[in-house]
Amino acid sequence: MTYNETLDYLYHQMPEYQRIGDKAYKPGLDNSLALDRIFDHPHRQFKTIHVGGTNGKGSTSHLLAAILQASGYKVGLYTSPHLIDFRERIRVDGEMITREFVTDFVTQYREQFEPIMPSFFELTMEMAFLYFAQQGVEVAVIEVGLGGRLDSTNIISPDLSIITNIGFDHMKQLGNRLPEIAAEKAGIIKTFTPVVIGEMGNTEVAQIFIDKARSVNAPLIFAELYMNNFKAERSDSGWHFHADGYPDVQGELKGLAQDKNARTVLTAVEILLETGYSIPQEALYQGFTNVTTITGLSGRWQQLQSSPKIICDIAHNAHGIQYVTEQLKSENFNRLHIVFGMANDKDLDPVLSILPQKATYYFTKASVERALDEKILAQKAAAYQLKGRNFSTVIEAIEAAKENADKNDLIFIGGSSFIVADALPLFI
């Protein structure tokens with residue numbers, strides 16, 4: 001098979017949750033454990049760090065990978081979803097997995113893994129682990145796909161677990177109350193393995209983590225309590241972070257939530273140092289300042305054009321969109337244009353209720369099966385006084401926004417990682 005034929009096989013024979021939703025979701029670890037036996041447990045050949053949570057997983061994972069790489073480690077990075085190229089999910093020292101490895105993996109092993117009938121995510125994860133092992137990776141940062149307890153990545157035995165925060169998302173799989181969601185996320189807490197909690201949440205959520213950590217004798221660290229004298233200041237170039245031992249850290253990522261991600265990462269670095277990792281201070285500074293160059297991270301409050309200013313962000317639930325809404329208030333512009341679409345399994349009302357009413361909307365639909373029809377979205381949005389036009393493709397919506405915008409206006413593109421994925425190729 002060619003590379004494109006291989007991708008077509010993966011998407012259609014191993015359905016991808018990100019594209020089609022519940023039909024592709026396979027909770028439990030049986031398939032992952034079976035795959036792992038086929039490949040002789042490749043994840044045991046390198047150290048791992050496990051990163052879960054509702055939002056901020058991607059930024060936190062990329063920041064840690066950048067810092068570890070700058071420290072001299074050979075670093076694997078496994079994240080999801082990808083935006084443009086499938087290979088974004090699997091990187092070694094910032095470089096995407098080769099097309100040849102993807103094709104050879106499927107061609108060589110399909111007779112062994114097809115009887116298991118793994119999901120797209122389960123098979124991709126095992127592909128990553130095998131690639132990391134063959135590349136001689138020393139440590140890999142592994143982002144949880146969905147939840148934690150039953151996520152396929154939960155077969156690893158990490159040096160550190162991280163849970164960034166708890167918010168409402170994937171309620172059908174994880175529960176309708178924050179403590180229920182926290183309990184699923186807490187499933188990545190392992191025996192005797194330190195766990196960093198980025199945001200404590202309410203007392204019920206915090207107690208879930210306390211009880212789980214105590215039950216498995218895992219050292220529990222709340223970043224909000226651990227990181228002394230932490231301060232964060234925003235500027236046009238990004239963030240400036242200050243904490244005991246880390247004065248004036250320049251953060252390249254500009255999103256409003258990056259102060260919380262930074263505190264989580266600084267805490268995680270301190271715990272890794274205590275467990276024997278070698279992370280020079282200059283490597284930490286370099287990782288924060290150059291994370292996109294080192295790791296290839298994109299789609300986080302990313303400026304795509306300057307006149308008119310165009311920004312995209314992959315925030316896709318109320319917890320994440322709240323930060324976007326607040327950050328839009330801090331921008332200077334004459335008029336605001338919002339190209340917006342969502343997945344069809346998201347809770348719309350909490351998102352629509354916090355979006356700015358004083359904006360022109362371009363409701364649209366991403367090019368995936370899981371995308372919400374733009375006409376349904378517009379109808380729902382009208383109840384919240386969000387007004388605009390409908391466009392059947394993201395490209396058409398962006399073109400319309402650019403035609404209507406003056407040079408001093410702002411165009412925001414978001415609502416779903418799939419909307420951003422469709423938009424990014426227009427600006428490369």
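Every number in this text was worked out from the coordinates using simple rules, so none of it is lab data. Keep in mind the model is a prediction, meaning the values are calculated, not measured. Cβ placement follows ideal geometry from the backbone for every residue including glycine, while neighbour counts extend to all protein chains displayed.
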Checklist entry - Hey, what number do you get for the chain at 222 nm if only DSSP H runs of n ≥ 4 count, each worth -39500 (n - 2.57), divided across all residues, to the nearest 500? => result -11500 deg cm²/dmol
Checklist entry - By the gyration tensor of its Cα atoms, with a ≥ b ≥ c the square roots of the eigenvalues, what is the shape of region 302-427: rounded for a/c under 1.5, prolate for a/b over b/c, or oblate? => result rounded
Checklist entry - With each pseudo-label sitting 7 Å past Cα toward Cβ, what's the S157-E180 distance in nm, one decimal? => result 3.4 nm
Checklist entry - Can you give the % of DSSP beta bridges in the chain that are antiparallel, to the nearest 5? => result 35 percent
Item to check | Signed unit charges on C-beta, dipole axis of the chain, positive-most listed residue A223, A213, A257 | outcome: A257
Checklist outcome for this item: Given backbone amide H placed at 1.01 Å from N, residues whose amide H is under 5 Å from that of L160, ignoring those fewer than 5 places away on the same chain, are H50
Checklist entry - If you count the DSSP beta bridges with both ends in region 302-427, what percent of them are antiparallel, to the nearest 5? => result 20 percent
Checklist outcome for this item: Once Lys and Arg are counted +1 and Asp and Glu -1 for all other residues with Cβ under 13 Å from that of Y277, the total becomes -3
Checklist entry - Tell me, how many Å apart are the Cα centres for region 346-395 and for region 242-270? => result 33 Å
